[in-house]
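Taking it in order: structure first as structure tokens, then the write-up.
The values are calculated or read from the model by the stated rules, or taken from the named source; none is laboratory data. This structure is a prediction, so every number in the text was calculated from the model and none was measured. As a convention, Cβ positions derive from the backbone with ideal geometry for all residues, glycine included, and neighbour counts pool all protein chains shown. Just so you know, the surface numbers come from the protein's heavy atoms only, side chains and all, with ligands and any DNA or RNA stripped out. Shrake-Rupley method; radii C 1.70, N 1.55, O 1.52, S 1.80 Å.
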Amino acid sequence: MKWEELKPGLPVRIAAGHENGFGGRSGKVVAVGTFEGYSKRIGALIDIGEPLLMVIEPEALEEEPKDPSTLGWEEFDL
């Protein structure tokens, strides 16, 4: 992805085989910017639903396709 495309709340997937060991996991962008105390200083802070947040460089992220809405109790497939 490009730096300009990253926004808080955007669903993303970490590229497969990423050096941090979490490649292929998906999550949401929490913040974008420069961070202190991480191996990558500039990137997106990603929440992958674990008790940690990661800073990932924009080049290692791809936009997650939107999930179709789940069916409600009145709706069903024929």
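Tabulated values for the structure
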item	result
Carbon plus sulfur fraction of accessible area for region 1-67, probe 1.4 Å, in percent	51 percent
Loop-resident sites, region 1-31, for GluC sites (Glu not before Pro), counting at most 12 other Cβ within 10 Å (DSSP)	19
Trypsin sites (Lys or Arg not before Pro) within region 1-32, DSSP loop, no more than 12 other Cβ atoms inside 10 Å	2
Cα gyration tensor shape of region 1-52, rounded if a/c is under 1.5, else prolate or oblate by comparing a/b with b/c	rounded
